[in-house]
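Contents: one structure, followed by commentary.
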Amino acid sequence: MSQGLYIAAMEPNSGKSLAVLGVLELLSRRVQRLGFFRPVIHTEPELDSHIQLVCGRYTRDIPAEQSYGVQHVVARQAVADGDEEKLLKRILARFRDVQRQCDFVVCEGTDFAGLTNAFEFDFNAELANHLGCPVLIVTNGRDRMDTEVVGLARAARQEFRELGCTVTATIVN
């Protein structure tokens, strides 16, 4: 059984943060040492309100400074320099530090802000695979027909599977 879960959005404003909080709330009742990790953040961890909320409520033993991989500017520079492998290794090392302190880690994927959607999708899939975490997909159903939502969810599941991921569930917000 996996010791983690990777929650990935399919697009901006999908409701991923809400899904993360819901999963953490459920797990907090069953897992004694629960961890949280974000591979890429946009600001300093002490200014990241989502990390502060999660660490304050669910992962009190792990400080916010340990709950992320790299800042967005570092990730963008690594991608621009063609150094994705070094970026991946750095994120994995920081994830493993959190994982060693926990029974289970919830990893919140990237936010689709600043890099191309195709790159972020592949990046999230690659991270989930390297972290050994199954994926929970979150997509937005707002202002979409039922058939469109079902099609998007099926396509997302298929794409993650084709990239070698185990898909646990899909949430349509």
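The values are calculated or read from the model by the stated rules, or taken from the named source; none is laboratory data. Treat the numbers as computed from the prediction; the structure is a model and nothing was measured. Because the Cβ atoms are built from the backbone with ideal geometry, glycine has one as well, and the counts that use them run over all protein chains shown. Only protein heavy atoms, including side chains, enter the accessible area calculation; ligands, DNA and RNA are left aside. Shrake-Rupley method; radii C 1.70, N 1.55, O 1.52, S 1.80 Å.
Computed values, structure above
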item	result
Looking only at the stretch 86-104, and only at residues there that are closer than 22 Å to Leu5 by Cα and of a type in the set (D, E, K, R), the one that is most open to solvent (accessible area, probe 1.4 Å)	Arg100
Filter result for the condition that a residue is among the polar types (S, T, N, Q), in contact with a Pro (Cβ under 9 Å, 6 or more places away or on another chain) and on the phi < 0 side of the Ramachandran plot, over Ser28, Ser67, Ser49, Ser17	Ser67
Answer from Ala75, Ala64 - the residue that is within 16 Å of the chain's Cα centre (by Cα), buried (at least 16 other Cβ atoms within 10 Å of the Cβ), farther than 20 Å from Leu5 by Cα and of a type in the set (Gly, Ala, Ser)	Ala75
Check on Phe119, exposed (fewer than 14 other Cβ atoms within 10 Å of the Cβ) and either within 17 Å of Ala19 (Cβ to Cβ) or at pLDDT below 95 (or both)	yes
Residue in the stretch 44-56 that is hydroxyl-bearing (Ser, Thr, Tyr) and in contact (Cβ under 8 Å) with a residue 12 or more places away in the chain present	no
Meets criteria (modelled with pLDDT of 90 or more, of a type in the set (Lys, Arg) and in a strand (DSSP E or B)) for Arg38	yes
Segments classed as helices (runs of 4 or more DSSP H), wholly inside the stretch 44-158, with at least 2 members that are touching a Phe, Trp or Tyr at 6+ places or on another chain (Cβ under 7 Å) and within 26 Å of Val31 (Cβ to Cβ)	49-57, 84-99, 117-131
Selection within the stretch 164-173 - out of contact with any Leu (no Cβ under 8 Å at 6 or more places or on another chain) and at pLDDT below 95	Val172
Residue among Leu26, Leu5, Leu21 that is loosely packed, with under 13 Cβ neighbours inside 10 Å, at pLDDT 90 or above and closer than 20 Å to Ile171 by Cα	Leu26
